[in-house]
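Asker: Have a look at this one.
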Amino acid sequence: MRDGWIEAVGDVPPAPGDQVIRCDGDLLTAGLVNTHHHLYQWMTRGRAVGCNLFGWLTELYPVWARLSVEDVLAAARVGLAELALTGCTTAADHHYIVPRDAARSVGIRAHIARGSMDLGESRGGLPPDDVVEDLDAVLASTERVIAELHDGERIIVTVAPCSPFTVSPELMRESAALARRHGLRLHTHLAETREEQEDSVARFGRRPVDLLDELGWIEPDVWVAHGVHFDDVEVERLGRTGTGVAHCPSSNARLAAGMCRVTDLEAAGAKVGLGVDGSASNEVGGLFPELRQALYTARQRTGVPESFMPADSLRLATAGGAACLGRDDIGRLEPGARADVVVWPGDDLADVPDPLAGLVLGPDRRARHVFVGGEAVVRDGRLTGGDLRTWREDLARRARRLWP
């Protein structure tokens, strides 16, 4: 690694002045890419554990309305730290602006979505009126966030109205136009549950994919979260347009939402990456466990063991996620890619003939070393940019304030 980029891969003799890091017996991969998260939800883990999506949201909206800016920062620090320790070097967060500071503390790349909701209960939406915003205020704030935070490399802003059942069609159209004026990508939730389908048909007379297509959102500069309930025609349309899907298998299982048609989507040409989702619906909060869960989910859905292999899991977690985010400079362990590299401890895998199978199917593990742009953000299993124990203690004090 030199000047933030991978210069060579393989048996590379050290040059004078090189720093050499011994990785004998360990496994190296490209840094993992998390395509969907809600970092603020670390404040509300372990709640609404027997609810579907709409029930879960209804219980948690009032709690989230009480979060302060400092609460979100505390949650983002812990969330990003857990991601880094589980090999994630790039994370897409669907919220507002606070995680920028936490991302710089931890050291990983952050695609920060300026999320928004303008459709409250009084207008037929799901969220309470006191947690939604005015359309013009959302657009003005988004412009400000882009101007202040977007650097195109470590901090990338995404325009991300929340979902068809929390956002007006007007805000979806205006957000798409704003993002495209700035050359930014778009993100939203789509087809996560059957209840969402029913709500869309009842309110708009069409399925969510048809609605978003009419609003200009089924396009190659868009990636959507979940994408569980697509029919064959919709899968073909997403593939033809090159729209991306953030597959969040653990969260979908936790909320009994269903199983994403990953193999069908990829066969059709859609981009598919992995996502943790918020820790209020995936209490683990790390990206590494999603590799195994994605494999299990794909095989359960298809009933064909060879339909999804360990290499497919790693591909979704690296190159697939990078494609969803519109990046070709990350997600690859090869010369010319950014030096986002993970060293995984292989002490317990020396007896496994296929180390990748051992990595994906074996026990959960934390990274030994994590490099972002050639800079160490995890060394010997510890964060270099902060004290996770102190951050956890701060988060716990804040979270207890919100307990019933």
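The values are calculated or read from the model by the stated rules, or taken from the named source; none is laboratory data. What you see is a predicted model, and the numbers here were worked out from it, not measured in a lab. In this analysis, Cβ positions are derived from the backbone assuming ideal geometry, glycine residues included, and neighbour counts consider all displayed protein chains. Accessible surface areas use protein heavy atoms only, side chains included; no ligands, DNA or RNA. Shrake-Rupley method; radii C 1.70, N 1.55, O 1.52, S 1.80 Å.
Asker: First measure r as the distance between the Cβ atoms of residue 396 and residue 201, then evaluate 1/(1 + (r/R0)^6) with R0 = 35 Å and state the FRET efficiency to the nearest 0.05.
Answerer: Working: r = 43 Å, r/R0 = 1.22.
With a Förster radius of 35 Å, E is 0.25.
Asker: Could you tell me the largest-minus-smallest coordinate of the C-alpha atoms of region 298-374 on each of the three principal axes, in descending order and whole angstroms?
Answerer: 37, 31, 19
Asker: Rolling a 1.4 angstrom probe over the protein heavy atoms, how many square angstrom per residue are accessible across region 171-317? Could the numbers behind the result be given before it?
Answerer: Values: 5020 Å² over 147 residues.
I get 34 Å² per residue for region 171-317.
Asker: If you don't mind, another one. If eta is 0.692 mPa s and T is 37 °C, what Stokes-Einstein diffusion coefficient results for region 164-214, Kirkwood Rh from Cα pairs, in µm²/s? Write down the numbers at each step before the final one.
Answerer: Details: Rh = 11.6 Å.
For these conditions, the coefficient is 283 µm²/s.
Asker: Can you pull the one-decimal nm distance between simple spin-label points at residue 5 and residue 352, each 7 Å off the Cα toward Cβ?
Answerer: 3.3 nm
Asker: Would you pull out the residues with amide H under 5 Å of residue 111's amide H, same chain only if 5 or more places away, H placed 1.01 Å from N?
Answerer: 91, 92, 93, 156
Asker: Whole-Hz ³J(HN,Hα) for each residue in region 362-372, computed from phi via Karplus 6.51 cos²θ - 1.76 cosθ + 1.60 with θ = phi - 60°, x for glycine and proline: what do you get?
Answerer: x, x, 4, 8, 9, 6, 7, 9, 9, 10, 10
Asker: Given a 1.4 Å probe and the protein chains all in place, what does the accessible area of residue 154 round to, in Å² to the nearest 10?
Answerer: Here the accessible area works out near 60 Å².
Asker: Once amide H atoms are placed 1.01 Å from N in the peptide plane, what residues at a sequence separation of 5 or more from residue 225, or on another chain, have their amide H within under 5 Å of its amide H?
Answerer: Residues meeting the amide H criterion: 188, 189, 190, 246.
Asker: Could you rank 382, 47 by how accessible they are, 1.4 Å probe, largest area first? Show your work: numbers first, answer last.
Answerer: Numbers: 382 170, 47 40 Å².
Ranked from most to least accessible, the order is 382, 47.
Asker: In whole Å, what three semi-axes, largest first, describe the equivalent ellipsoid of region 1-131 built from its Cα gyration tensor (square root of 5 times each eigenvalue)? It would help to have the intermediate numbers written out before the result.
Answerer: Working: eigenvalues 323, 44, 33 Å².
Taking √(5λ) for each Cα gyration eigenvalue gives 40, 15, 13 Å.
Asker: Additional query: At 7 Å along the Cα-to-beta-carbon direction for both residue 153 and residue 68, put a label point, then send me their distance in nm to one decimal.
Answerer: 3.6 nm
Asker: In addition: Tell me, what HN-Hα J-couplings in whole Hz come from the Karplus equation 6.51 cos²θ - 1.76 cosθ + 1.60 at θ = phi - 60° for each residue of region 297-312, using x for Gly and Pro?
Answerer: Calculated HN-Hα couplings, in order: 5, 4, 5, 4, 6, 7, x, 10, x, 7, 5, 8, 10, x, 5, 5 Hz.
Asker: For every other residue with a beta carbon closer than 15 angstrom to the beta carbon of residue 24, add +1 if it is Lys or Arg and -1 if Asp or Glu, then tell me the sum. Walk me through the intermediate numbers first.
Answerer: Numbers: positive: 22, 368; negative: 11, 26, 347, 348, 380.
So the surrounding residues net to -3.
Asker: When only Cα pairs under 8 Å and 6 or more residues apart are kept, what is the percent relative contact order across region 249-371?
Answerer: Details: 154 pairs, mean separation 27.4, N = 123.
Computed value for region 249-371: 22 percent relative contact order.
Asker: Further question on the same structure: What's the percent breakdown of Cα-Cα distances in the chain across 20 Å bins, shortest bin first?
Answerer: Spelled out per bin, shortest first, that is 29, 60, 12, 0.
Asker: Let me make sure I get this right: for region 1-70, a, b and c are the square roots of the gyration tensor eigenvalues over alpha carbons, sorted descending. Under 1.5 in a/c it's rounded, otherwise prolate if a/b > b/c, else oblate. Which is it?
Answerer: On the way: a/c = 4.28, a/b = 3.08, b/c = 1.39.
Taking the square roots of the gyration eigenvalues as a ≥ b ≥ c, region 1-70 is prolate.
Asker: Only Lys, Arg, Asp and Glu count, each charged at its Cβ (+1, +1, -1, -1), so figure out the dipole size of region 303-404 about its Cα centre, rounded to 20 debye. All intermediate terms of the calculation are to be shown ahead of the outcome.
Answerer: Values: 15 positive and 16 negative charges, 164 e Å.
Using Cβ point charges on Lys, Arg, Asp and Glu, region 303-404 gives about 780 debye.
Asker: Across region 129-145, in residue order, what do the Karplus-derived ³J(HN,Hα) couplings come to in whole Hz, using 6.51 cos²θ - 1.76 cosθ + 1.60 with θ = phi - 60° and x for Gly and Pro?
Answerer: 4, 7, 10, 9, 10, 7, 4, 5, 5, 4, 5, 5, 5, 5, 4, 5, 4
Asker: Bin width 5 Å, origin at 0, all Cα-Cα pairs of region 74-206: what percent of pairs per bin?
Answerer: 2, 10, 19, 19, 18, 15, 11, 5, 1, 0
Asker: Please list, ordered by chain and number, the residues whose modelled amide H lies under 5 Å from the amide H of residue 243; skip anything fewer than 5 residues away on the same chain.
Answerer: 271
Asker: Solvent-accessible area of residue 182, probe 1.4 Å, all protein chains present, reported in Å² to the nearest ten, please.
Answerer: So the heavy atoms of residue 182 present about 80 Å² to solvent.
Asker: Taking only C-alpha pairs under 8 Å that are 6+ residues apart, what is the relative contact order of region 110-178 in percent?
Answerer: After rounding, I find 44 percent.
Asker: I'd like the carbon and sulfur percentage of the solvent accessible area for region 217-365, probe radius 1.4 Å, heavy atoms only, ligands and nucleic acids excluded. Mind dumping the intermediate values first?
Answerer: Details: 2760 of 4960 Å².
Using a 1.4 Å probe with all protein chains present, region 217-365 comes out at 56 percent carbon and sulfur.
Asker: Something else now. Given charges of +1 on the Cβ of Lys and Arg and -1 on the Cβ of Asp and Glu, with all other atoms neutral, how large is the dipole of region 3-61 about its Cα centre, in debye to the nearest 20?
Answerer: Details: 3 positive and 7 negative charges, 117 e Å.
Around 560 debye, computed over region 3-61.
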